[in-house]
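The structure appears below as structure tokens.
Readers should treat all values here as calculations from the given coordinates under stated rules, not as data from a laboratory. Values in this document were obtained by computation on a predicted structure and should not be read as measured data. Cβ: placed from backbone, ideal geometry, glycine included. Neighbour counts: every protein chain shown.
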Amino acid sequence: MKFVDLLLLVLSTFFLGTNFVAVKIGVEQFPPLFMMAMRFTLVAVLLIPFVKAPRDRMFQVFLISVSMGTAHFGLFFIGISGVDAAITAIIFQLGVPFSIIFAWLFLHETFGRRRAFGILIAFVGVIFIAGTPGSQSSHLHMFIVLASVFAWGIAAVQIKRLRDVDAIMLTAWMALFSAPQLYLISAITESGQISSLSTAGVTGWSALMYATFGASIIGYGLWYHLIGKYDVNQVVPLTLLNPLFAIAAAVIILGENLSIGIIIGGVLTLTGVFVVQMRSRQASTPQT
């Protein structure tokens, strides 16, 4: 890999990793689902004019917008409102094991003992974190974050079945379909949406802009570009930089504390995911 492209890959993981902190800040000033709906609105407005419609794949893309856009991202934004950003970033790594398990269940793909061991270690790590005493994170919200990763695993199988659909096109149209769903669910389940538009401070709006431009446009854009340019096995291992950037940003910016239990659980989870990735050709992990 060229040195310039390596730097771009690291930059991509930086934006995607630090986005956990941006989202954490944002959901403290906007209702979570409402913020996600606004983010998708901005993404759709920015990308739709530059991509083609999926045409004969429109219904499949709509289904992905339900599982990925509404279920995965919606649950993620709700969950992180009650979970430390660092812990959320670690839990998100379970998307890789979930995608392997669902591919086995629905696509009849197989995996050997090493990946099975990696999957086991990854889940043990998250269980270890959940059982750590003194954590400020809500167990209910941790479960919601886990449910969002579960939804991502299902969406990963749906996306894999599409195969030849351009990633940027999928991102744009998924955003277009998901935004109205999230606005509707937000209207039913949340309150204070309109007032948040005027009460949110500079940090809240900056967080929304960062999530939109930093993660969705720059982070994902660079990622998809490099995935298309290089072999998957050259790019995927560096996705483990995502949680590392997220954890560092959470500690520095949000002042989150990392207990020994969280550190041990995080190391176990990332080790398990690394083992799975080294034995798999899965092209991506859940992002934010």
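Laid out as a table, the results:
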| item | result |
| --- | --- |
| Rounded, prolate or oblate (a/c below 1.5 giving rounded, otherwise prolate when a/b exceeds b/c) for the stretch 31-121 by Cα gyration tensor | oblate |
| Two-decimal Rg/Rh across the stretch 86-135, once Rg and the Kirkwood Rh are taken from alpha-carbon atoms | 1.07 |
| Neighbour cut-off at most 16 other Cβ (10 Å), DSSP loop, chymotrypsin sites (Phe, Trp or Tyr not before Pro), the stretch 166-249 | Y230 |
| Max mean-square fluctuation residue, GNM over the chain, Cα-Cα springs under 10 Å, options L270, L94, L46 | L46 |
| Quarter of Cα convex hull surface for the chain, i.e. mean projection, nm² | 14.7 |
| For the chain, calculated [θ]222 nm from helices alone, where every DSSP H run of n ≥ 4 adds -39500 (n - 2.57) | -22500 deg cm²/dmol |
| Residue among F59, F274, F20 with the largest mean-square fluctuation in a Gaussian network model of the chain, springs linking Cα atoms under 10 Å | F59 |
| Distance between modelled label sites at D164 and Y230, nm, 7 Å Cα→Cβ extension | 2.8 |
| Note, ³J(HN,Hα) from phi for the stretch 104-116, Karplus 6.51, -1.76, 1.60, rounded to Hz, x at Gly and Pro | 5, 6, 9, 10, 6, 7, 10, 9, x, 5, 5, 5, 4 |
| Choice from A187, A89, A211 showing the highest fluctuation, given a GNM over the chain with Cα pairs closer than 10 Å | A187 |
| Residues of type lysines that K160 reaches as a straight line, Cα spacing below 25 Å, ignoring anything fewer than 8 places off in the same chain | K52, K229 |
